[in-house]
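The structure appears below as structure tokens.
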Amino acid sequence: MSALGYYGYLIAAAGYFVLLLLLLTNWRGRLLGGILLLACALTVVWGVVLGMHAYGVALPSSLFWGMETLRSFSWLAFLARLLNPSGVLREGFPKVLAIVVSLFTLVLLLPINLDQLLRQLAPSVAGNISVRYFGYVILALSGLILIEQLYRNTQEDNRWGIKYLLLGLGAMFAFDFYLYADALLFQRIDTGLWYARGPIVTMAVPLIGMSVARNPIWSIHVFVSRRMVFHTTAIFSAGIYMLLMAVAGYYIRLYGGEWGSVFQIIFFSGAVLMLIVLTSSGQVRAHAKVFLNKHFFKSRYDYREEWLRLIATLSGQESNIDLFQRVIGALASIVDSPGGYLFLTRASGRAELAERYNAPEVDLPTDIDYLPLTTLLTEKEWIVLFDEEHTQGRNAVPRPLLDIAKAWLITPLLHDQRLTGFVLLLAPKAPMRLNWENMDLLKTSGRQAASYLSLYQAAEALAEAKQFEGFNRLSAFVIHDLKNIIAQLSLVTKNAVKHKSNPAFVDDAMTTIENAVERMSRLLTQLNSSQAEDDSSCTDLVRAVQESVLTQSQHQPIPALSSAEGPIPVRAEADRLVSVISHVIQNAQDATPDDGEIRIVVEPNAKEALVHIIDTGSGMSEQFIREYLFKPFHTTKGLTGMGIGAYECREFVRSIGGHVEVRSEPGQGSTFSLSIPMAYDCDRKTAKLVD
């Protein structure tokens with residue numbers, strides 16, 4: 001029994017020590033908070049001293065009874081300060097009570113044997129009464145009186161802030177009154193009652209903490225989270241359960257005879273197994289959460305924690321499941337629902353089942369009319385409940401949804417006044433009556449979830465649009481190249497009538513046609529595959545420029561090439577390189593009169609090769625170069641141009657690590673300079689040459 005008392009008092013000391021630390025970190029220096037700090041600190045010392053006494057440590061009686069007195073007086077002082085915040089003693093009963101408490105406290109703190117002193121002063125009374133026990137009865141009774149007065153004099157609307165404090169301290173003083181009244185009657189302290197004080201005093205810790213959190217005027221801003229209360233209550237309840245089982249097991253062994261030890265082991269093993277079953281039961285946890293939220297907190301939710309959990313769930317920080325399942329899980333956890341179904345709506349008002357989470361598969365008809373429900377959710381933003389007590393909006397729910405097993409409610413997902421979808425949740429494990437607080441949190445969380453769904457749908461649409469954009473851009477480049485090929489073939493057919501009898505012309509025409517067929521085949525293959533070209537092959541820049549000049553020599557003015565000796569290897573796809581250089585030369589020819597001049601200069605330097613296309617054409621303004629030259633599908637050639645030649649040139653050169661520079665003045669011609677990195681790891685002799 002002494003071991004039980006030892007651990008009980010130490011648990012009390014630990015509980016009030018934790019509460020003391022919370023109070024110390026948030027104390028703002030007000031007197032009321034200081035008295036509360038002092039009461040908690042004295043209770044910690046009281047628990048340690050009485051625990052050591054129960055363990056058998058010899059302590060001075062003055063220390064032992066002194067801590068008993070100071071603990072009671074400190075809590076009485078705190079209650080008195082709450083009842084009389086001004087600190088001025090009024091006439092009548094409060095003043096008399098204060099005098100009585102102070103007097104008995106001083107008497108109990110005197111380092112003398114009170115009973116011996118009483119025998120000397122009043123021998124006829126000394127044999128029937130103990131001054132010490134009588135004093136503690138008076139202190140406990142004073143505590144109960146203060147609690148009753150404090151409750152009676154507090155307005156009904158404000159009692160929620162102190163009721164748990166009064167319950168905790170009331171239980172503590174009531175037990176003290178019973179303990180010392182029994183001791184006063186029988187002239188001895190009951191050992192069982194004495195050792196039970198520690199756990200009973202500990203029970204007041206969470207109650208005091210909640211009352212402190214509800215009263216910021218005490219200048220002690222303590223945050224007691226629901227999770228902390230839930231786990232503390234679970235651990236405390238498990239401890240009480242195991243303590244009771246241990247006592248029962250002790251008596252089984254004591255009175256079980258020869259098989260007592262065996263029965264004790266079997267009983268204790270079964271008790272542990274039952275505890276594990278209860279703590280792992282989702283239904284038990286759900287009932288416990290409902291009970292705690294209903295009876296221990298003013299609001300059902302810790303909104304800070306709920307919002308952080310919602311964001312963490314929707315963003316995928318806590319799981320790797322897809323967004324649709326995360327949306328269902330986030331909303332289901334608000335009302336302890338096991339899972340549900342997500343329906344996404346379309347512009348026509350129709351809806352379709354998109355995903356389920358912790359819910360059985362359902363086979364819904366394809367011809368369900370969702371329009372009344374989606375219209376109701378959009379216009380009213382109602383939470384539609386399926387039970388018989390709530391008929392509001394229930395008639396708009398399609399019958400197949402009502403027939404889903406354990407279907408409970410529908411919550412809308414609205415974003416920018418547009419219904420993105422709705423979630424159908426299954427009934428929770430513990431019965432729950434929804435009020436405005438549940439409804440508002442579900443609606444707000446639904447809006448946040450809808451924003452995530454809208455972003456997801458927008459991202460999908462954007463990715464799809466980018467795929468089409470890439471295909472369309474590739475098609476535009478291919479068409480641009482085909483236009484140039486067609487122009488070459490048109491020139492051949494135009495001159496065929498005049499030069500068809502010339503063998504040299506026929507050979508040249510066949511070479512041109514063969515080259516055009518080969519290029520068109522490569523372009524069609526590229527278009528069908530919709531893949532980017534391989535820019536990692538080694539290509540001779542000099543030969544690429546030579547072919548571009550040769551191709552464009554059929555137009556006026558004929559470009560003149562000035563090139564460095566030997567191959568200049570670069571990493572680029574050969575056909576694209578020839579194509580972009582040809583486009584730049586063609587643009588120069590289009591901007592230059594037939595009697596003008598176009599020069600192509602190729603020169604290498606330390607790290608890169610430069611290709612200059614210089615013309616004496618009409619030139620361009622600085623504003624045109626900055627705002628329009630490289631803008632795709634913007635052209636000054638009317639119907640004869642597509643406006644992607646310069647853009648394609650710049651993008652291709654950038655893709656292989658180079659850059660394009662343009663210098664021009666109106667009426668003074670233009671210079672396009674292509675800077676292309678040289679590929680030093682390519683063999684100059686084996687660099688791919690353009691045929």
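Using the 10 angstrom Cβ neighbour count as an exposure proxy, how do 64, 186, 134 rank, fewest first? If you can, show how the numbers build up before the last one.
Values: 64 14, 186 10, 134 18.
With the fewest neighbours first, 64, 186, 134 line up as 186, 64, 134.
Between residue 595 and residue 493, 0.36 nm times their residue separation minus their Cα-Cα distance comes to what? Present the calculation step by step, with values, prior to reporting the outcome.
On the way: separation 102, 0.36 × 102 = 36.72 nm, distance 2.51 nm.
Here the segment from residue 595 to residue 493 would lengthen by 34.2 nm.
With the crude spin-label approximation of a point 7 Å out along Cα→Cβ, what separation in nm comes out for residue 395 versus residue 447?
2.9
Separation between the residue 430 and residue 371 pseudo-spin-labels, each 7 Å from Cα along Cα→Cβ, expressed in nm?
Reported label-point gap for residue 430 and residue 371 is 4.4 nm.
Quick check: residue separation of residue 505 and residue 387 times 0.36 nm, minus the Cα distance between them. What number comes out in nm? Intermediate results must be reported in sequence, preceding the final value.
Working: separation 118, 0.36 × 118 = 42.48 nm, distance 9.06 nm.
33.4 nm is the gain from fully extending residue 505 to residue 387.
Explain nothing, just compute: Karplus ³J(HN,Hα) = 6.51 cos²θ - 1.76 cosθ + 1.60, θ = phi - 60°, for every residue of region 173-189 in order, whole Hz, x for Gly and Pro.
Karplus values, whole Hz, x for Gly and Pro: 6, 5, 5, 4, 4, 5, 4, 7, 5, 5, 5, 5, 6, 9, 6, 6, 8.
Could you list 595, 367, 575, 615 in order of exposure, starting from the residue whose Cβ has the fewest other Cβ atoms within 10 Å? Intermediate values should be presented prior to the final figure.
Numbers: 595 8, 367 5, 575 19, 615 25.
In order of increasing Cβ crowding within 10 Å: 367, 595, 575, 615.
On average over all directions, what projected area in square nanometres does region 303-453 have, based on the convex hull of its Cα atoms?
Values: hull surface 34.1 nm².
So the Cα hull casts an average projection of 8.5 nm².
What distance in nm lies between label points placed 7 Å from Cα along the C-beta direction at residue 624 and residue 103?
11.1
Per residue of region 597-604, what does 6.51 cos²θ - 1.76 cosθ + 1.60 with θ = phi - 60° give for ³J(HN,Hα)? Whole Hz please, x for Gly and Pro, Karplus curve as stated.
With coefficients 6.51, -1.76 and 1.60, one gets 9, 10, 10, 10, 10, 10, 8, x Hz.
Of 555, 659, how do they rank once you tally other Cβ atoms within 10 Å and put the fewest first? Don't jump to the answer; show the numbers that get you there.
Numbers: 555 17, 659 13.
Least crowded to most crowded, the residues run 659, 555.
For region 533-677, what class follows from the C-alpha gyration tensor (a ≥ b ≥ c being the square roots of its eigenvalues): rounded when a/c is under 1.5, otherwise prolate if a/b is larger than b/c, else oblate? Provide the component values of the computation, followed by the final result.
Numbers: a/c = 1.63, a/b = 1.34, b/c = 1.22.
Since a/c reaches 1.5 and a/b is larger than b/c, the shape of region 533-677 is classed as prolate.
How do 98-110, 450-462 rank on mean C-beta neighbours within 10 Å, highest first?
On the way: 98-110: 15.8, 450-462: 14.3.
Per-residue Cβ counts within 10 Å, averaged per peptide and sorted highest first, yield 98-110, 450-462.
Each reported figure results from applying straightforward, stated rules to the coordinates on display, with no laboratory input. Keep in mind the model is a prediction, meaning the values are calculated, not measured. For neighbour counting, all protein chains shown are included, and Cβ atoms are generated from backbone atoms with ideal geometry for every residue, glycine included.
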